[in-house]
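Right, one structure below, let's go through it.
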Amino acid sequence: MPPALAIALEIYTWIGLGAAVVLGIMALIAWVADGSWVPVRAVVTATPVGPVVRWFDEGGILGEAPLPPGASVHDEEVELWARLGRHDTVRVSRTSPFVRSLARLTAGFAALALIGLVVSVVLLFLEG
């Protein structure tokens, strides 16, 4: 194996591994800080300020929040995720886009490290 290729594969492996570890820790911290979200079926109501959604939580308390962008309304009802313990916050998906993007970046860098390692080992064995 040419030395330049060996060095490049080694660099890709270590950069991928290091970035995956750092981003993975950041994703874990962001996921924990994001809190718990529970699914709710909310009713959309038109107000002078704009559309709002109202729902009842597990304790029977009424929650109200502005309709989040991207919510698809079916028969004046919408499936949303409400923050546990709060009655003024909803979103369209269970996890935040920031946490999802960190997790995807972590997976991408881990794949880079794995590909660099596998190619390096395969070329090492092929060389004899």
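We did not get these values from a lab; they are worked out from the coordinates using the rules stated. Because the structure is predicted, anything quoted here is derived from the model rather than measured. Positions of Cβ are generated from backbone atoms using ideal geometry, with glycine treated the same way; all protein chains shown enter the neighbour counts.
Odds and ends about this structure:
- Angle in degrees between helix 97-127 and the longest Cα principal axis of the chain, rounded to the nearest 10: 20
- 222 nm mean residue ellipticity, helices alone, for the chain (DSSP H n ≥ 4; -39,500 (n - 2.57); rounded to 500): -18000 deg cm²/dmol
- Contour excess over end-to-end distance, with Cα ends at residue 104 and residue 121 and 0.36 nm allotted per residue: 3.6 nm
- Label-reachable residues, region 21-56, where backbone N falls under 16 Å from a point 7 Å from residue 88's Cα toward its Cβ: 52-55
- Rounded to the nearest 10 degrees, the angle from helix 3-34 to the longest Cα principal axis of the chain is 20 degrees.
- Distance between region 60-128 and region 9-57 - C-alpha centres, whole angstrom: 6
- Candidates 111, 19, 46, ranked by Gaussian network fluctuation over the chain, Cα under 10 Å, top entry: 46
- GluC sites (Glu not before Pro) within region 22-96, DSSP loop, no more than 16 other Cβ atoms inside 10 Å: 58, 76
- Amide proton proximity set for residue 40, modelled H, under 5 Å, gap of 5+: 80, 81, 82
- Net charge over other residues, Cβ less than 15 angstrom from the Cβ of residue 23 (K, R count +1; D, E count -1): +2
- Proximal charge balance of residue 121 [Cβ under 13 Å; K/R count +1, D/E count -1]: -2
- Rounded to whole Hz, the Karplus (6.51, -1.76, 1.60) HN-Hα couplings of region 58-70, x for glycine and proline: 4, x, x, 8, 7, x, 9, 8, x, 5, x, x, x
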